[in-house]
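First comes the structure, then the notes that go with it.
A short reminder: the numbers here are calculations on the coordinates, not readings from a lab. As the structure is a computational prediction, the values presented were derived from the model and not from experiment. No Cβ is skipped: glycine too gets one built from the backbone with ideal geometry, and neighbour counts run over all protein chains shown.
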Amino acid sequence: MWEVVAVYKSTGQAFKLLQQSYHWLTEQQVKAALGYYSLYREEIDALIAENEQWTPERIKQKYPFLTAGKP
């Protein structure tokens with residue numbers, strides 16, 4: 001769910017672009033995700049911020065067995 005909101009924010013809150021990005025969801029499902037966000041904004045923003053901290057370097061450091069090549 002936070003992924004839908006992250007895309008929505010990254011598109012400048014363009015609903016049509018969001019629908020295109022999640023074409024397999026109905027309009028009602030997309031609106032439900034945004035409605036949930038309006039009620040739990042802090043929780044969703046925290047999840048988005050946590051996800052954005054996962055850089056390739058951090059993944060390699062924390063999980064070296066997931067990266068190709070030398071650690």
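Residue ranges 52-58, 8-14, 30-36 sort as 30-36, 8-14, 52-58 when ordered by packing (mean number of other C-beta atoms within 10 Å per residue, highest first). Maximal additional length on extending the Thr67-Gln53 stretch stands at 3.3 nm, based on 0.36 nm per residue less the C-alpha distance. Test of understanding: extend the Cα→C-beta vector of His23 to 7 Å, then name every residue of the range 1-16 with backbone N under 19 Å from that spot. Answer for this model: 4, 7-8, 11, 14-16. Taking the helices alone, the chain has a mean residue ellipticity at 222 nm of -19500 deg cm²/dmol, built from -39,500 (n - 2.57) per DSSP H run of at least 4 residues and averaged over all its residues. Shape class of the chain from the alpha-carbon gyration tensor: prolate, with a/c at 1.5 or above and a/b greater than b/c.
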